[in-house]
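Written out below as structure tokens is the structure these notes cover.
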Amino acid sequence: MRANIVKEVIMVFGAYGIEVDKRHLALIGDFMSFNGDYRAFNRIGMEESSSPFLKMSYETTMKYLVSASQTNERDDMSAPSSAIVMGQVPRVGTGMFDLI
């Protein structure tokens, strides 16, 4: 399912001559298929996320920021978007470990 999502998104952007890094599209595919079924990649699909920073990185930043502040939401920084928003290395790929 994930590979098909990535392939279809590449085809949509390709029709307009837009090139997007495949790693970015892979993250979108992961987000959309993480639960084992299809999740919409829009504001409705984002509202299901428990990560306030993930919601804020998509759109309507102020809405999610105000809501998270009013309800004292916490972010465990497990989503790659959360780490990127905070200027940290995401805990994926080479960011999964430290060298001693």
Asp76-Asn4 FRET efficiency (beta carbon distance; Förster radius 35 Å; 0.05 resolution):
0.70
If each DSSP helix of 4+ residues adds -39,500 (n - 2.57) and the sum is divided by the residues in the chain, what number results at 222 nm, nearest 500 deg cm²/dmol?
-15000 deg cm²/dmol
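No lab work stands behind these numbers, since they all come straight from the coordinates. Treat the numbers as computed from the prediction; the structure is a model and nothing was measured. When we count neighbours, we look across all protein chains shown, and the Cβ atoms used for this are built from the backbone with ideal geometry, even at glycine.
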